[in-house]
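Take a look at the structure set out below.
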């Protein structure tokens, strides 16, 4: 279950599956970025699968950013797989904007 992260202007696009096998590397990557930048925007439109560990990691990154007064958006609320996986914590999902 590979995951690909590409940066398109100011937005990090995630493609593939955010699942237990790869959440650790995803978390490490964005925790390092949070220490260097004030704003991270993740686009999950191209995420084909997300499990509970993926939701936990993205929620944890969101909360870490809030504690550090950083901006952390997850856009892609239109992706039904992601929206369903987030359930009651979908407050961290934003509608696409730009």
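A few remarks follow.
- When you restrict to C-alpha pairs under 8 Å that are six or more residues apart and normalise by the size of the chain, the relative contact order lands at 26 percent.
- All alpha carbon pair distances within the chain were sorted into 10 Å bins beginning at 0; the resulting P(r) in whole percents reads 16, 57, 27, 0.
- The alpha carbon convex hull volume per residue for the stretch 14-62 rounds to 66 Å³.
- Summed over qualifying helices (DSSP H, 4 residues or more, each -39500 (n - 2.57)) and divided by its residue number, the chain shows a 222 nm mean residue ellipticity of -12000 deg cm²/dmol.
- Of all DSSP beta bridges in the chain, antiparallel share, percent nearest 5: 30
No lab work stands behind these numbers, since they all come straight from the coordinates. Computed from a predicted model, the values in this text were never measured in an experiment.
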